[in-house]
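Presented below is the structure to which this report refers.
The values are calculated or read from the model by the stated rules, or taken from the named source; none is laboratory data. No experiment lies behind these values; they were computed from the predicted model shown. When we count neighbours, we look across all protein chains shown, and the Cβ atoms used for this are built from the backbone with ideal geometry, even at glycine. Side chains are part of the model used for accessible areas, which takes the heavy atoms of the whole protein and leaves out ligands, DNA and RNA. Shrake-Rupley method; radii C 1.70, N 1.55, O 1.52, S 1.80 Å.
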Amino acid sequence: QVQLVESGGGLVQPGGSLRLSCAISGSINRYDSVGWYRQASGKQRELVGTIFSTGPTKYADELKGRSTIYADLDMHTVYLVMNSLRPDDTAVYYCKARGDGSSYWGQGTQVTVSS
């Protein structure tokens, strides 16, 4: 059984930075990608960015330049770094792994940007 566990959320001051982790356990024989998403209260879940198993990354246009996704060599842990945080970055952040024809979600970690 594949499990994803996000961590690293919490309260961050505007202008600050954070690093979220997505720990992936279980057996995925062939990864396609791991993505980070976020969902603010009352809004739809949106894509932050994706790292593909071959290495490239892709980010939502509005988050380019403020977000970086990277992973360890076997993609068992995937990280999201965000800088220059704003109050509208407040959301629950989720990771999703795609592989072997399936998708797997974590439970999310709350990020609150506030002074």
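Taken over the stretch 54-69, the criterion of being of a type in the set (S, T, Y) and within 20 Å of W105 (Cβ to Cβ) is satisfied by T57, Y59, S67.
Scanning the stretch 19-73 for residues that are hydrophobic (A, V, I, L, M, F, W, C) and assigned to a loop (DSSP other than H, G, I, E, B), which turns out surrounded by the most Cβ atoms within 10 Å (Cβ to Cβ)? Reasoning before the result, please.
Our first condition is that a residue be hydrophobic (A, V, I, L, M, F, W, C); within the stretch 19-73, this holds for 20, 22-24, 28, 34, 36, 40, 47-48, 51-52, 60, 63, 69, 71, 73.
After this cut, where a residue has to be assigned to a loop (DSSP other than H, G, I, E, B) as well, the list is 28, 40, 60, 73.
Working: I28: 19, A40: 14, A60: 15, L73: 6.
Per the criteria, the residue is I28.
Of all residues in the stretch 1-17, those satisfying the criterion of being open to solvent by less than 80 Å² (accessible area, probe 1.4 Å) and either at pLDDT 95 or above or hydroxyl-bearing (S, T, Y) (or both) are L4, V5, E6, S7, G8, G9, G10, V12, P14, G15, G16, S17. Kindly list, by first and then second residue, each pair from a residue in the stretch 87-102 that is more than 17 Å from V5 (Cα to Cα) to a residue that is open to solvent by less than 70 Å² (accessible area, probe 1.4 Å), limited to pairs with Cβ atoms under 6 Å and residues at least 6 apart or on different chains. Close Cβ pairs (under 6 Å, with a partner that is open to solvent by less than 70 Å² (accessible area, probe 1.4 Å)) amount to P87/V113; D89/V113; T90/T112; T90/V113; D100/I28. Looking only at residues that are under 14 Å from G26 (Cβ atoms) and open to solvent by less than 20 Å² (accessible area, probe 1.4 Å) in the stretch 88-114, which one is farthest from the chain's Cα centre (by Cα)? My answer is G99.
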